[in-house]
Amino acid sequence: MGFAQDNSLISPSPKREVRAVWITTVLGLDWPKSFDHTEQQRSLREMVISLSKANFNTIFFQVRGRADAMYQSQYEPWSQQLTGTLGKDPGWDPLAFVIQEAHAHAMELHAWFNTNLAKYGNGQALNSIPQHHSLHPEWLHLVDGEWWIDPGIPAARNYLVKVAMDIVRKYDIDGIHFDFIRYPAKPFPDDATYKRYGGSLARADWRRENINAFVRAFHDSVVIVKPMLKIGSSPIGIYTNIDGARGLQSYSDLYQDSRRWLREGTQDYLVPQTYWSLGEQRGEPDFAAIARDWALNSFGRHIYLGIGAYKPEVLTQLPALIDTTRKIGAHGNSFFRFENISRVLQMGGRYRFPANIPPMPWKDSIPPNPPTNVKVTGVASGVFKIEWKSPRPAVDGDGAKCYDIYRLTTKPINMISAANLIAITTSVTKEFLDTIGLATAPTYFYAVSSLDRGNNESLPAVESVIIPEVVELSKQLIPRNRLGHHYPEPASGVVFIPYEVRESAPVRVSILDVSNREVITLVDSIQESGRHIAAAPVSKLRSGAYSYEMIVGNFSARRSFTIKN
């Protein structure tokens, strides 16, 4: 399909960003589409593979839709979507299966948990379903045809913490992702609950505090059992009304004080449901305005902006929405939902290169050690095998969860540019085959780095390989005196200046200010015939306009550049 976008917003692909998708199991909207467990496994595996090939790195898999389970729960019944019958054992465990599939492709899997919503359709009384013996009928209120768990009842909140912690203890999930962690957007019949538990608080403050209490209780339980587990949620898109974004307010209408959760450190990330297009259309909020508001109120935690790809006007803008997300400094996107984006996973080229998940330094800031014994060998024309061994444990005991593989034609190794990252492999895999279709340099440098469970990255372990055909060709090319275009190397804090020398001669390369005064001499020596690179340290230059000049005998050349410190 064609995408509508504002090309002025296009930004470089970052090497670190979350690229997530919600896989919805309620009503089988994304999955499952069949009651046959073989077909269920096949289709779920294919979904994960397709996301991996498109360079997605995170899945929010819905494990609790309506107080039921897509996993082996000791509290709640198996989902009806698996067998056609609520509570019937499907004979396999979808959550365990999808975790294994995701991790096999170096992706994170977060358990998506619908919290306070417990709908059973047609206003059917919950206590009429014998399989669901754990939920107390007195905890529930019927609101507009849906059953909601009353967050104001301490026992109900404790039950929800137990259900969620059951998942945490049993499964190797990377995070837990709460949805419907709020009150309904309709009048809620909790007069009796407020009278009993409200105390001196105003009802609105009391309701917000009930949700806060659940968030704090779950956080405090998790950090004891699995301190590295990520905790997040997907609040409604508008926290409070702002210019360019007015509507249902998370804070005052639904009693979600999600920014408090970030400020208090009880959640690590938010995926606000910013399900709108760019620009105010038909009275709907402007995605850019609401996205900036979330990014400016992250309190040092992560914001992954939710994209409502189910809306046609949003679907056509997916690349532009990703560009906007990157431009405002958010940490990535999640798309609602898989079926809506299954035909456009490449996102207009925005996910061309792989991306690492950003680390959370408040959880773990210690990088792992680099892999050892990196070796590159040619196995066929243009095909190279990169091998390595596991790193030694870091000071915090962490090893490698996965590995980044880089390919470059120059040193030092640039680990910042996503274009140099050619693959991400799991910790099980310690070799990779790379094909260079059209060699453009006589020497290629391969680097392998380790990433730990916290997505911290090690220093690279580097090895090089020589392309004999290109070496022979380069010998046939006669160098000439020439000054090339500079290019910056942000990670090293230098500007590289390439140049050629026709024959051995005294060469002078220097940096000049706007008054043509020499401020740094980079080269002042006899240079052999061939290609060379001079390095200008940015730290020694103030912001402003400069030029660099090359003088070889009677030949001279000059180019300009600008420094922005």
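The values are calculated or read from the model by the stated rules, or taken from the named source; none is laboratory data. All values derive from a computational prediction rather than experimental measurement. Positions of Cβ are backbone-derived with ideal geometry, glycine not excepted, and every protein chain shown enters the neighbour counts.
Data for the structure
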read-out: Some residue of the range 293-305 being under 11 Å from residue 245 (Cα atoms), touching a residue at least 24 places away in the same chain (Cβ under 8 Å) and assigned to a helix (DSSP H, G or I); value: yes
read-out: Residue count, the range 266-288 (criterion: of a type outside the set (A, V, I, L, M) and not in a loop (DSSP other than H, G, I, E, B)); value: 3
read-out: So residue 152, is it more than 25 Å from residue 306 (Cβ to Cβ), buried (at least 22 other Cβ atoms within 10 Å of the Cβ) and not aromatic (Phe, Trp, Tyr); value: yes
read-out: Candidates 386, 366, filtered to the one that is of a type in the set (A, V, I, L, M) and buried (at least 19 other Cβ atoms within 10 Å of the Cβ); value: 386
read-out: Considering residues of the range 2-58 that are at positive phi and surrounded by fewer than 19 Cβ atoms within 10 Å (Cβ to Cβ) only, the residue modelled with the highest pLDDT; value: 28
read-out: Residue tally, condition surrounded by 13 or more Cβ atoms within 10 Å (Cβ to Cβ) and outside any strand (DSSP E or B), over the range 371-383; value: 2
read-out: Qualifying residue in the range 188-197 (condition: in contact (Cβ under 8 Å) with a residue 24 or more places away in the chain and under 30 Å from the mean Cα position of the chain (by Cα)); value: no
read-out: Matching residues in the range 523-539 - criterion: being touching a Ser or Thr at 6+ places or on another chain (Cβ under 6 Å) and at pLDDT 90 or above; value: none
read-out: Filtered residues of the range 253-265 (kept if within 20 Å of the chain's Cα centre (by Cα) and part of a loop (DSSP other than H, G, I, E, B)); value: 265
read-out: Out of 250, 334, sole residue that is over 15 Å from the mean Cα position of the chain (by Cα), at negative phi and polar (S, T, N, Q); value: 250
read-out: Hits in the range 419-437 - residues which are over 17 Å from residue 355 (Cβ atoms) and either part of a strand (DSSP E or B) or under 17 Å from the mean Cα position of the chain (by Cα) (or both); value: 431, 432, 433, 434, 435
read-out: Meets criteria (at pLDDT 90 or above, over 37 Å from the mean Cα position of the chain (by Cα) and either surrounded by 11 or more Cβ atoms within 10 Å (Cβ to Cβ) or closer than 22 Å to residue 411 by Cα (or both)) for residue 559; value: yes
